[in-house]
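The values are calculated or read from the model by the stated rules, or taken from the named source; none is laboratory data. Values in this document were obtained by computation on a predicted structure and should not be read as measured data. Cβ placement follows ideal geometry from the backbone for every residue including glycine, while neighbour counts extend to all protein chains displayed.
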Amino acid sequence: MQNKFFKQFAIATILAGMACAAQAHKPWILPSSTLIETDREAWVTIDGAVSEGLFDLDHLPLRMDGLTVTDPDGQTAPAPAATMSKFRSSVDLKLPKNGTYRITLAGASVMGSYQLNGETKRFRASAQTADKEIPAGATDVRRTTTVQRQDTFVTANKASTGALKPLGTGLELVPVTHPNELHTGEKATFRFQLDGKPLANFPFSLIPGGVKYRGTLNEVRLTTDAKGEATFTLPAPNMYWLSAAYPANAPRGPGEQGPADTKRYSYSATLEILPE
Amino acid sequence: MKLSRSLALTLPLALPLVSNGAMAADLTVKFELPQLNVAEYHKPYVAIWIERADQTVASTLAVLYDVKKKDNAGTKWVKDMRTWWRKAGRDVELPMDGVSGATRSAGVQTMNFAGARAGLDKLPAGDYKLVIEAAREAGGRELVRVPFTWPAKGKLAASASGKEELGAVSISVQ
C-alpha cells in the first residue's frame, strides 16, 4: 500500500516537474551543444531528466511532452516525440536555419485539497484535469496552480535574436545579453518579467554542473534592480542551471492558509558560459 | 620635484615617436611552442593580434594554420582558436595576404611585423595587449597577453608566459 503510494507520488512528481519535486531533485533540459558551427546539417540532442546531482543521470527521466522549438524567425512548433529511457529522455532536433533557437518545456500543474465527509483529501493534477479531481459535495477546496517553464538556447553558426522575444506571459527570463554569447569574465544582463512586466528586486540563482566533482555547490545568487535587470560578471565556464520562482519565497506544497486559489510560477534555463 | 623630472625625461623621447610612428615601429614577437610529451601531436594553429583595452581586436597580425591544404580546407579548424574566432576570425576571409602563414614547429619562433602592415602606425595612443592564442588538434588551447602602452616611451619590450600550449612570449618595438 505504502509502496503503491510512493509509486504514484513518483509519477506525479515527474508530471508536476519542478513544482512538487523534492528540493534536491532538479528538472532540467540539456543541449548536446549550445553553439553548432558546421557547413553540414546542424543537429542538437536535447536530454531531459529530474536528478539529485545537477545534470547527472541519477533519478528519473523528464517527461518532455509539449517541448517546443522556436526557430530564428520566431516561429514556434512542437518538437518531435522524445525517447524515454531509464534515466533520461532524449530528442534530436534538426536546425535547418542559421541562427538561435529557443527550446522550451512549459506547463502547469495543480496541487489541491478538499474536505469530504469530514476527511481532508489531497490531489495533484494537470491544469486541464484538476476539475475532475474534485468530487461533488467537496467543500473547502484549495488549490495551488504552478506554472512552469524551462528554456535552453542553441545557435546554429551565427547568433540571432528572433527566437528571444519575450512571450509576455508567466515568469520568464529576457536575455538582454545573448544567451549563447556568455563568456567568463564578461558582463551579462538578464531581465525577469511576470506577464510582461519587469520584476524589480527579484532573486534568481545560477548553479554550475559537475557538483559531485567539486563538493561545493558554487551557487551564484543575484537580484534584479528597480528595472527588473541584473548585470553581473559571468563566472567560470560551465553548463549552468538558472532558476527562479514567483513569489520568490513561497513555501512548497498546497497553501493551508490564504486564498483558496493561488498561482505560482517557476522558471529555469540551462545556459552555457563559455571560456573567453 | 620627482614627477616633473620624470616628465621632462619622457616627453622628448615620446614626441618624436608620435610624429614618426610609421617609420619607427617594427614589431617583433617571439613565442615559444613547448615540446609536449603527448600521445598525439599536431603543430598548433596560432593567432596573433593586438587587442584594445575593451578587449576588441584592433588588428590581426598573423594566423598560422595549414595553408597548403587543398581548397583552403585548412581554414576549417581556425575556429578552434575560439577567442580570436569570435572576436575577429568569423568576420574575415582567409587566406589573408600577409596574415595567413604556415604552422610552426615546437621551439622558439620569431615573427617580425613591419609597422605599416601591422597597423601600428595607425594605432591611437593608449593601452593595448599583444595576444597570442594557440590551439592544437587533439590538444588544448591557451591565450597569452602581453600588455603594452602605445606609443612606446623609448624602446618597447614586454613579456609574459603561458602554462601549457605556449611558453614565454615577448614583444619588442624598434
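Results, tabulated for the structure shown:
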{"read-out": "Flag if residue B:170 is farther than 21 Å from residue B:87 by Cα and among the hydroxyl-bearing types (Ser, Thr, Tyr)", "value": "yes"}
{"read-out": "Hits in the range B:37-57 - residues which are closer than 24 Å to residue B:145 by Cβ, more than 14 Å from chain A (Cβ to nearest Cβ) and of a type in the set (Val, Ile, Thr)", "value": "B:46, B:48, B:50"}
{"read-out": "Residues being assigned to a strand (DSSP E or B) and under 28 Å from the mean Cα position of the chain (by Cα) - total across the range A:110-139", "value": "9"}
{"read-out": "Meets criteria (farther than 28 Å from residue A:112 by Cα and either aromatic (Phe, Trp, Tyr) or buried (at least 18 other Cβ atoms within 10 Å of the Cβ) (or both)) for residue A:224", "value": "yes"}
{"read-out": "Residues (under 19 Å from residue A:267 (Cα atoms), out of contact with any strand residue (DSSP E or B) (no Cβ under 6 Å at 6 or more places or on another chain) and assigned to a loop (DSSP other than H, G, I, E, B)) located in the range A:175-194", "value": "A:178"}
{"read-out": "Cross-chain or 6+ apart pairs with Cβ under 9 Å, the range A:55-74 first and free of Cβ contacts under 8 Å to residues at least 24 places away in the same chain, then surrounded by fewer than 16 Cβ atoms within 10 Å (Cβ to Cβ)", "value": "A:65/A:81"}
{"read-out": "Flag for residue A:187 being over 15 Å from the mean Cα position of the chain (by Cα), surrounded by fewer than 18 Cβ atoms within 10 Å (Cβ to Cβ) and within 14 Å of chain B (Cβ to nearest Cβ)", "value": "yes"}
{"read-out": "Answer residue from the range A:41-53, given it is modelled with pLDDT of 95 or more and assigned to a loop (DSSP other than H, G, I, E, B) and is surrounded by the fewest Cβ atoms within 10 Å (Cβ to Cβ) among those", "value": "A:41"}
{"read-out": "Residues satisfying the stated conditions in the range B:58-78, i.e. surrounded by 15 or more Cβ atoms within 10 Å (Cβ to Cβ) and more than 13 Å from chain A (Cβ to nearest Cβ)", "value": "B:58, B:59, B:60, B:61, B:62, B:63, B:64, B:65, B:66, B:67, B:74"}
{"read-out": "Inter-residue pairs, beta-carbon under 9 Å, first within 11 Å of residue B:134 (Cα to Cα) and in the range B:72-83, second in a helix (DSSP H, G or I), 6+ apart", "value": "B:78/B:84; B:78/B:85; B:78/B:89; B:81/B:89"}
{"read-out": "Residue satisfying all of: in the range B:79-105; closer than 17 Å to residue B:140 by Cβ and more than 16 Å from the chain's Cα centre (by Cα); farthest from the other protein chains (Cβ to nearest Cβ) among these", "value": "B:80"}
{"read-out": "Restricting the range A:81-110 to residues that are touching a residue at least 40 places away in the same chain (Cβ under 8 Å) and touching a helix residue (DSSP H, G or I) at 6+ places or on another chain (Cβ under 7 Å), the residue that is nearest to residue A:260 (Cα to Cα)", "value": "A:109"}
{"read-out": "Selected residue [of a type in the set (Gly, Ala, Ser) and modelled with pLDDT of 95 or more] from A:137, A:118, A:74", "value": "A:74"}
{"read-out": "Enumerated strands (runs of 3 or more DSSP E) restricted to the range A:195-276, each holding at least 2 residues that are within 14 Å of chain B (Cβ to nearest Cβ)", "value": "A:261-273"}
